[in-house]
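Step one of this worksheet: look at the structure below.
The values are calculated or read from the model by the stated rules, or taken from the named source; none is laboratory data. Remember, predicted model here, so these are calculated numbers, not experimental data. Cβ sites come from the backbone with ideal geometry, for glycine too, and all protein chains shown count toward neighbours. In case anyone asks, the SASA skips ligands and DNA or RNA and just uses the protein heavy atoms, side chains included. Shrake-Rupley method; radii C 1.70, N 1.55, O 1.52, S 1.80 Å.
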Amino acid sequence: MTIYHVVLFKFKDLLPPEEEQAACSRMLSLAANCIHPTSQKPYVKMLGGGKDNSPEGLQGGITHAFIAQFENEEDRKYYVEKDPAHLAFIESIKDLVDKIQVIDFTPDVF
C-alpha cells in the first residue's frame with residue numbers, strides 16, 4: 001500500500017536565500033540518508049520538491065512543497081516517529097519556517 005507524504009513549508013520572510021536553499025537540499029537528501037533499521041538501506045521510495053510557482057494565488061503563504069513516497073504504513077511510521085535523519089532535519093528547520101503543513105494519502109482511497 002503506497003503512501004504519499006506531502007510536506008509544505010512557509011519559510012520566514014527574512015531568511016537568507018542560501019539558508020533556504022540549504023534547508024531544501026537537506027530535505028531532499030533524506031531520500032538517501034533515511035536508512036531502514038532492518039534492511040540498512042534507504043527506504044524512501046521517492047522524494048522530490050521545489051519552490052511554489054503556481055499562478056492561482058491560493059498558496060496561503062506556503063512557499064515550498066515536497067512529496068515523499070513510502071511503500072507501506074510501517075515505513076512511514078518509522079520515518080515520522082523514529083528515523084534519526086528525519087528527526088534531525090525537523091530540528092534543523094524549526095527556526096527557519098513560519099508554517100509547516102503535512103498531509104498524507106494513499107492513492108485512490110477516498
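Look through segment 1-12, keep the residues that are touching an Asp or Glu at 6+ places or on another chain (Cβ under 8 Å) and not aromatic (Phe, Trp, Tyr), and return whichever of them is most open to solvent (accessible area, probe 1.4 Å).
So in segment 1-12, the residues touching an Asp or Glu at 6+ places or on another chain (Cβ under 8 Å) come out as 1-6, 10-12.
Filter again for not aromatic (Phe, Trp, Tyr), leaving 1-3, 5-6, 10, 12.
Working: MET1: 135, THR2: 46, ILE3: 5, HIS5: 11, VAL6: 28, LYS10: 40, LYS12: 79 Å².
Residue satisfying both the conditions and the ranking: MET1.
Filter segment 62-82 down to the residues that are surrounded by fewer than 13 Cβ atoms within 10 Å (Cβ to Cβ) and either closer than 17 Å to GLN101 by Cα or modelled with pLDDT under 95 (or both) and list them by number.
GLU81
May I ask you to list pairs of residues, at least six apart or on different chains, whose Cβ atoms are under 8 Å apart, with the first in segment 59-82 being more than 19 Å from THR2 (Cβ to Cβ) and assigned to a strand (DSSP E or B) and the second being among the small types (Gly, Ala, Ser) and open to solvent by less than 40 Å² (accessible area, probe 1.4 Å)?
Within 8 Å, the pairs are HIS64/GLY50.
Please go through segment 20-51 and give me each residue that is open to solvent by 80 Å² or more (accessible area, probe 1.4 Å) and out of contact with any strand residue (DSSP E or B) (no Cβ under 7 Å at 6 or more places or on another chain), ordered by number.
Passing the criteria: GLN21, ARG26, ASN33, THR38, GLN40.
For segment 13-58, which residues satisfy the criterion of being part of a helix (DSSP H, G or I) and of a type in the set (Ser, Thr, Tyr)?
Result: SER25, SER29.
Give the residues of segment 83-110 that are part of a loop (DSSP other than H, G, I, E, B) and either among the charged types (D, E, K, R) or open to solvent by 90 Å² or more (accessible area, probe 1.4 Å) (or both), sorted by residue number.
Within segment 83-110, ASP83, LYS94, ASP95, ASP108, VAL109, PHE110 qualify.
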